[in-house]
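The values are calculated or read from the model by the stated rules, or taken from the named source; none is laboratory data. In this text, all values refer to a predicted model and were calculated from it rather than measured experimentally. Using ideal geometry, Cβ is built from the backbone for each residue, glycine included, and neighbour counts are taken over all protein chains shown.
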Amino acid sequence: MVIKMITIDNRLKVCADMVSGNGIVCDVGTDHAYLPAYLIENNKCNNVIASDINEGPLKFAQQTLLKYHFEDKIRLLKSDGLESIPSENVSDVVIAGMGGETISEIISGAEWLKNGVNLVLQPMTRAGHLRKWLYKNGYEISEEKAVVQDRFVYTVIRAFYSGFRLNIGKTAEIVGRINIETDAGMRYCQNQFFKINNIAMGLLKAGKFEDGNEYQTIAKRLTVMMEGKMNLVSDIYKYIDSLAPFSIQEKWDNSGLLTGNMNKKVSKVLVTLDITNNVADEAVEVGAELIISHHPVIFKPLYSLTENEPSCKLLKSGISAICIHTPYDVAKGGMSDILMELTGFEKTEGILEVTGQNEKPYGFGTIGLASKEYTADELAEKLKNVLDCTVVRYTDGGKPIKRAAFCTGSGGNLVEAAINADADAYITSEVKHDQWLLARQMGISLFDCGHFHTENIGMIKLCKMLAADFPNIEFVMSKVNKDPVKYVL
């Protein structure tokens, strides 16, 4: 007797397409084990765990296994979310057909998902809540597809743990990374547009003008996307300015739009720590209309303009450049906060060098507390792994490390400030000989992780933030901008 090939609905088909198949796939809250059977039958993977919190669905799943003779390839487990799932060799976890809040709760209860597991998520409701939760908790959405099922339009999200915690904007929360060029993507965005527009009208009618205007702005951005229009340099400039205001840059700095013009249309952006000649050439090769860098492409006065000057290369190629130097250094959630967060410390009160005052003081460096104590050797090893450094230079202060100061870039001159802040350790770069001696004398562990490595992570995070908030623009990190220093070990 010929067994009819198993068919699954559109939602599950998109989920199946996002499965990597590199190991065991776990289908949480399985529906008759249809998805696991489809994956096995189509050679997407060799083994699947199908789980549910209740016995009933597992009995129906057992019938599917018997029908298609997959008893040796699909394992049935009763589990509350991922609580009873063995994590060994699990490469993919699929959670489909649940609410966004429930999905986020299941993920939060499984720390092992942070070890490179591919998450395929299909929320029936509260997709915005799920997106916001994922980014806030260090997960990154790498792909998102809209899918039409009966008269409804759903989304399927592919995500993984990156360690970068992002606070995404309302547009990213509402629309996600939906590809609007597909029919399903267009329908999804149209549905969201009508919802947002109605909310905006209701808020304005109620006299809540600030909130109403915010939703109107989101509706306008959705219109730009649906009409196939490109964003302008000015849109990205305004977004960056909202994160790290250009107005708070140091007097000696030169941040802002340094080449090009605000009205240039943008479809691709290159993000980098430095704009060198190689980076300028790379921008041309990848077709970027805009470069975003940390260090200014024009910093010291230019006394001549030559073809070998990076800024001249950009102008000649029609490429704009936004440079965000000290504003990103001193902003809340900026460079030092990112280094602290990735190292596993939680922000507490404290700035190493206050340089200005808006609503609150701002300046260079931050203070963080760890949930556990480190030895200097342990923290050095962790920093090397987090920053992907060739070397970490450090001196051991001789005491456990729980409270640490952080300052990215050339922060060696703030060793005394770190000591005065009662830090057990100070993580920075470009430390001088006398500063090493001072740290050793005062009993504080001091770490020099390199200028490039302590700051490049900040640009990686900015790239991810921009990609989340501008789904119709491609943001890529430079591949040619690397640590200019080489080491012999």
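Pairs needed: first member in segment 90-111, assigned by TED's automatic domain parsing to the domain that holds Arg75; second member anywhere, assigned to a strand (DSSP E or B) and charged (D, E, K, R); C-beta distance under 8 Å; at least 6 residues apart or different chains.
Val94/Asp27; Ala96/Asp27
Quick check: is even one residue across segment 161-177 of a type in the set (Phe, Trp, Tyr) and under 18 Å from the mean Cα position of the chain (by Cα)?
yes
Given the options Val120, Val148, name the one that is part of a strand (DSSP E or B) and farther than 18 Å from Ala468 by Cα.
Exactly one of Val120, Val148 is part of a strand (DSSP E or B) and farther than 18 Å from Ala468 by Cα, namely Val148.
Only one of Glu181, Glu210, Glu173 is under 28 Å from Asn261 (Cβ atoms) and outside the structural domain of Glu346 (by TED's automatic domain parsing). Can you tell me which?
Result: Glu181 is the single residue among Glu181, Glu210, Glu173 that is under 28 Å from Asn261 (Cβ atoms) and outside the structural domain of Glu346 (by TED's automatic domain parsing).
What single numbered condition from (1) more than 18 Å from Ser445 (Cα to Cα); (2) modelled with pLDDT of 95 or more fails to hold for Asn358?
With (1) more than 18 Å from Ser445 (Cα to Cα); (2) modelled with pLDDT of 95 or more applied to Asn358, the lone miss is (2).
For segment 174-205, enumerate the residues that are out of contact with any Asp or Glu (no Cβ under 8 Å at 6 or more places or on another chain) and basic (Lys, Arg).
Arg187, Lys195, Lys205
Please go through segment 299-340 and pick out each residue that is part of a helix (DSSP H, G or I) and closer than 20 Å to Ile240 by Cα.
Across segment 299-340, the qualifying residues are Thr326, Pro327, Tyr328, Asp329, Val330, Met335, Ser336, Asp337, Ile338, Leu339.
Select the helices (runs of 4 or more DSSP H) contained entirely in segment 165-277, then report the ones holding at least 1 residues which are in contact with a strand residue (DSSP E or B) (Cβ under 6 Å, 6 or more places away or on another chain).
Hits in segment 165-277: 183-205, 233-243.
Just checking, which of Glu210, Glu285 is more than 21 Å from Ala468 (Cβ to Cβ), loosely packed, with under 14 Cβ neighbours inside 10 Å and modelled with pLDDT of 95 or more?
Among Glu210, Glu285, only Glu285 is more than 21 Å from Ala468 (Cβ to Cβ), loosely packed, with under 14 Cβ neighbours inside 10 Å and modelled with pLDDT of 95 or more.
Can you tell me which residue in segment 145-203 is surrounded by the most Cβ atoms within 10 Å (Cβ to Cβ), limited to those that are among the charged types (D, E, K, R) and over 23 Å from Val224 (Cβ atoms)?
Selected residue: Arg158.
Please indicate, with yes or no, whether at least one residue in segment 236-246 is over 30 Å from Asn197 (Cα atoms) and surrounded by 15 or more Cβ atoms within 10 Å (Cβ to Cβ).
yes
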